[in-house]
Amino acid sequence: MADIPSTMRAAVTRDWNDIRVEHVPVPKVDQGEVLVRVGACGICATDLKIVAGVYKGNWPPALPFIQGHEWAGTVVGLGDGARGLAVGDRVAAENHKGCGACANCRRGRYNLCELARTKDNAYKLYGHTAPGAFAEYAARPTGLLHRLPDQVSFEEGTIVNQGALGLHAIRRCRVEPGDTVAVIGPGLIGLITIQLAKATGATRVIVAGRGPRLELARELGADGVVDVSKVDTVEGVRELTHGRGTDCAFECAGSPSAVAAALNCVRRGGRVGLVGLTGHQEVELDTDRLVLDEIDVYGVRSSPNAYPELISLIGAGKVNVSRLVSRVYPLEQINEAFEAFRQREAGAIRMVIRI
Ligand SMILES: [Zn+2]
Ligand SMILES: [Zn+2]
């Protein structure tokens with residue numbers, strides 16, 4: 001590969017809550033991989049937990065480590081046998097590399113690769129178990145990279161990762177034209193799910209949350225909002241659906257009360273997608289309601305097979321991601337960016353590192 005330097009700038013997590021921008025070797029490109037010059041990488045709530053050592057020994061397996069898993073860049077070099085991409089292609093990257101051989105991978109459910117909880121490194125979760133993209137360069141298998149249209153910036157491209165999760169949620173819950181949908185929690189994933197529900201043909205999307213994000217939810221297509229600082233979520237959603245409840249509900253807040261609300265604001269025979277994580281908190285569950293009203297509940301993890309369609313929706317202007325990038329920082333200010341995200345005001349959605 002011509003013109004590729006031997007070292008690069010990278011944000012290295014040296015110790016818990018200790019990130020330093022250093023010069024490190026440019027990653028080697030294996031068979032079937034390409035080298036990408038990273039353009040931008042977003043900071044995820046998971047990054048705040050990883051850097052604090054919440055998942056130590058697992059995410060990451062050891063220090064020092066390079067985090068960053070929501071990113072986009074330009075292909076600058078091809079490894080042996082790398083097919084399907086060319087130098088100069090602008091791409092967004094997936095994180096889950098399945099082993100390709102287990103029963104789930106063979107079914108296309110590589111987000112649930114059966115080797116993920118073993119030490120077998122045929123499975124990788126980049127930015128968690130394998131090096132991420134808070135760095136100038138990243139090496140990836142071509143199958144994890146998806147072309148971005150010219151009109152989508154790298155900063156916007158960082159939102160594809162969470163956007164594809166929203167699309168996976170919409171598919172799991174089988175949202176259909178004419179459906180009514182409740183979205184609980186207008187954070188990044190909630191604000192994307194609103195737009196995807198509308199793009200799929202949902203005619204009424206109701207968002208429950210608080211603060212300035214409710215206004216942003218309206219701007220991005222919500223038909224009704226429930227301010228949970230004033231009204232009970234379930235009562236509010238039911239009032240806006242003539243007491244019936246919605247066809248689908250998405251829990252995007254990651255709290256036990258939001259899970260309970262999602263289960264109780266769908267109609268009889270409704271579908272519920274659980275997107276947030278409560279951190280293993282106990283949730284009180286009225287299983288009689290699930291049985292007697294035949295409520296379908298879906299866990300939603302990651303974004304298998306969803307990047308191309310999500311990128312297509314962004315490129316066509318059906319999903320607005322630029323409103324979700326709150327602020328862009330240079331790599332040298334990554335600590336300021338982490339701190340700003342940690343302290344984020346109610347209106348701030350995503351901090352992005354331009355690299
Ligand atoms: Zn993330
Ligand atoms: Zn597998």
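The values are calculated or read from the model by the stated rules, or taken from the named source; none is laboratory data. Model, not experiment: these values are computed from the prediction. Counting neighbours? That spans all protein chains shown, and the Cβs are built from the backbone with ideal geometry, glycine included.
For the range 110-124, which residues satisfy the criterion of being touching a Pro at 6+ places or on another chain (Cβ under 7 Å) and either over 18 Å from Asn161 (Cβ atoms) or within 8 Å of ligand 2 (Cβ to nearest atom) (or both)?
Listed by number, the list holds a single entry, Tyr110.
Out of everything in the range 52-89 that is aromatic (Phe, Trp, Tyr) and at pLDDT below 95, what residue ends up being nearest to Ala10 (Cα to Cα)?
Trp59
Could you figure out which of (1) modelled with pLDDT of 95 or more; (2) surrounded by fewer than 24 Cβ atoms within 10 Å (Cβ to Cβ); (3) in contact with a helix residue (DSSP H, G or I) (Cβ under 8 Å, 6 or more places away or on another chain) isn't true of Lys230?
(3)
Checking the conditions here, which among Gly53, Gly68, Gly39, Gly57 is crowded, with 18+ Cβ neighbours inside 10 Å and part of a loop (DSSP other than H, G, I, E, B)?
Of the residues listed, the single one that is crowded, with 18+ Cβ neighbours inside 10 Å and part of a loop (DSSP other than H, G, I, E, B) is Gly68.
Out of (1) more than 16 Å from ligand 1 (Cβ to nearest atom); (2) free of Cβ contacts under 8 Å to residues at least 60 places away in the same chain; (3) within 18 Å of Asn161 (Cβ to Cβ), what's the single condition that is false for Gly81?
(3)
Determine which single condition Ala45 fails, assuming it passes every other condition in (1) small (Gly, Ala, Ser); (2) within 16 Å of ligand 1 (Cβ to nearest atom); (3) crowded, with 21+ Cβ neighbours inside 10 Å.
Failing condition for Ala45: (3).
Evaluate the following for Cys113: is it crowded, with 19+ Cβ neighbours inside 10 Å and over 21 Å from the mean Cα position of the chain (by Cα)?
No.
Just need a number here: residues in the range 149-187 that are in contact with a strand residue (DSSP E or B) (Cβ under 6 Å, 6 or more places away or on another chain), surrounded by fewer than 23 Cβ atoms within 10 Å (Cβ to Cβ) and outside the structural domain of Gly127 (by TED's automatic domain parsing).
Result for the range 149-187: 2.
Enumerate the helices (runs of 4 or more DSSP H) found wholly within the range 229-342, keeping only those where 1 or more residues are among the acidic types (Asp, Glu).
It comes to 233-239, 287-292, 307-315, 334-342.
I'd like the full set of residues that are within 16 Å of ligand 1 (Cβ to nearest atom) and either over 21 Å from Leu324 (Cβ atoms) or without any contact (Cβ under 8 Å) to a residue 60 or more places away in the chain (or both), limited to the range 141-165.
Leu144
Would you tally the residues in the range 4-36 being free of Cβ contacts under 8 Å to residues at least 40 places away in the same chain and in a loop (DSSP other than H, G, I, E, B)?
3
Test of understanding: among Ile50, Ile4, Ile19, which residue is of a type in the set (Val, Ile, Thr), more than 16 Å from ligand 2 (Cβ to nearest atom) and within 19 Å of His96 (Cβ to Cβ)?
After applying the criteria, what remains is Ile50.
Does the range 86-94 contain any residue that is closer than 25 Å to Tyr55 by Cα, out of contact with any strand residue (DSSP E or B) (no Cβ under 8 Å at 6 or more places or on another chain), within 16 Å of ligand 2 (Cβ to nearest atom) and in a loop (DSSP other than H, G, I, E, B)?
No, the range 86-94 contains no residue that is closer than 25 Å to Tyr55 by Cα, out of contact with any strand residue (DSSP E or B) (no Cβ under 8 Å at 6 or more places or on another chain), within 16 Å of ligand 2 (Cβ to nearest atom) and in a loop (DSSP other than H, G, I, E, B).
What is the one condition in (1) away from ligand 1 (no atom under 16 Å from the Cβ); (2) farther than 19 Å from Ile43 by Cα; (3) not aromatic (Phe, Trp, Tyr) that Val91 does not satisfy?
(2)
Mind listing whichever residues of the range 54-74 are among the polar types (S, T, N, Q) and more than 19 Å from Arg354 (Cα to Cα)?
Asn58
If I go through the range 112-133 residue by residue, how many of them are in contact (Cβ under 8 Å) with a residue 40 or more places away in the chain and more than 15 Å from ligand 1 (Cβ to nearest atom)?
Matching residues across the range 112-133 total 2.
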